[in-house]
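One structure below.
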Amino acid sequence: QVQLVESGGGLVQAGGSLRLSCAASGRTYNMGWFRQAPGKDREFVSAISRSFGRTYYSDSVKGRYTISRDNAKNTVYLQMNSLKPEDTAVYYCAASRYYEGGHYEEGDFDSWGQGTQVTVSS
């Protein structure tokens with residue numbers, strides 16, 4: 001595994017923005033974000049590949065969130081705009097040391113961050 005350290009969560013009003021960062025301790029291929037709201041299962045949010053920067057988003061965040069990465073820094077970012085109360089959740093960074101395909105299930109990632117809380121007030 002690689003160690004993943006997230007930052008950037010917090011409290012924001014609806015319509016506001018936050019930027020999450022996740023720094024990996026080593027080289028990774030696919031990197032992504034998942035989230036888990038209280039009482040709900042963890043769900044996929046977004047992912048990005050290393051080589052070509054291919055991005056993928058869940059329908060619930062498409063058009064509002066933007067994922068990017070800096071391979072030199074082994075860091076992935078999630079810019080979250082037009083936030084809604086239903087975006088409130090613990091956001092987890094995930095990474096794969098080997099896989100760069102087009103599947104983004106939890107099992108396709110082998111390293112996970114500790115999570116960072118995002119709270120959107122109405």
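I want to confirm something. Restricting to region 67-122 and keeping residues that are among the aliphatic types (A, V, I, L, M) and more than 22 Å from G26 (Cβ to Cβ), which single residue is farthest from the chain's Cα centre (by Cα)? Within region 67-122, the match that is farthest from the chain's Cα centre (by Cα) is V120. Counted as qualifying within region 45-98 are the strands (runs of 3 or more DSSP E) with 3 or more residues that are open to solvent by less than 30 Å² (accessible area, probe 1.4 Å), within 21 Å of G10 (Cα to Cα) and at pLDDT 95 or above, namely 75-80, 89-95.
Each residue in region 7-62 was checked for being within 11 Å of the chain's Cα centre (by Cα) and among the charged types (D, E, K, R), and 3 pass. Considering region 1-27, the residues that are touching a helix residue (DSSP H, G or I) at 6+ places or on another chain (Cβ under 9 Å) and either without any contact (Cβ under 8 Å) to a residue 12 or more places away in the chain or assigned to a loop (DSSP other than H, G, I, E, B) (or both) include one that is surrounded by the fewest Cβ atoms within 10 Å (Cβ to Cβ), namely R27.
The values are calculated or read from the model by the stated rules, or taken from the named source; none is laboratory data. Only a predicted model underlies this, so the values are computations on that prediction, with no experimental measurement involved. Glycine gets a Cβ as well: all are built from the backbone with ideal geometry, and neighbour counts include every protein chain shown. When the accessible area is computed, the model is the full protein with side chains, heavy atoms only, and any ligands, DNA or RNA have been set aside. Shrake-Rupley method; radii C 1.70, N 1.55, O 1.52, S 1.80 Å.
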